[in-house]
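Written below as structure tokens is the structure these notes are about.
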């Protein structure tokens, strides 16, 4: 039986996030106010709100003004990671093994859906590999000009990690030996098959190649950690990593 998140579960999860929106209780009301202000502007003007939020009080002394971008993102990442049982929202690799390389993922990409860039249900935590290889690809058939965020039942052709039960859509197995590892994914539904074709098979191929080149793998991990900690500040890294991904994947195409 395929299951979707219920409205009651959505209300409860959002309430839980509001109670954890800042690690320090006395700063939570102010933090919610900051997020709401950026969200309203983003929605009204159809502009990317993630970039401005990422700069909020970024240069100030954290001790003097703790309601800043880093603390807001840390609390969000912590909350989502727990909701996802410490696993990547797409490939299900363990996130606790990835240090700082745990970017916040926009399910509907902020480039094409800027007014959803701060929507609570559009945000998840991916591993660096999935976040990078998915990039700004538009999945599904949600109209770009749609104003209201689509409900859980409105994704017949794409997997939504916040709304869908992963086990209903994808079977996977990770096999590790002394000499490397391999991941195998099988889509069980149209949404799951799309996820496998659009992303998971690419991720599995690249990881298999990098297992054979530990030096390169380590270098990529370092770059990804830096990129996650400096979100949006070094777009040239995205271009470099995209070129590297294309080169790696072309060897096994």
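Just so you know, all these numbers are worked out from the coordinates, no wet-lab data involved. Keep in mind it's a predicted model, so treat the numbers as computed, not measured. Positions of Cβ are generated from backbone atoms using ideal geometry, with glycine treated the same way; all protein chains shown enter the neighbour counts.
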Förster-model FRET efficiency, 30 Å R0, residue 136 and residue 94, C-beta, rounded to 0.05: 0.70
Segment residue 45-residue 146, length gained on full extension (0.36 nm per residue, minus Cα span): 35.0 nm
Ranked packing of 39-45, 130-136, most packed first, by mean Cβ within 10 Å: 130-136, 39-45
Protection proxy ranking, peptides 74-81, 23-30, average beta carbon neighbours within 10 Å, highest first: 74-81, 23-30
Potential extension, residue 85-residue 176 segment - 0.36 nm per residue separation minus Cα distance: 30.7 nm
Most to least packed among 83-89, 190-196 [average Cβ atoms within 10 Å]: 190-196, 83-89
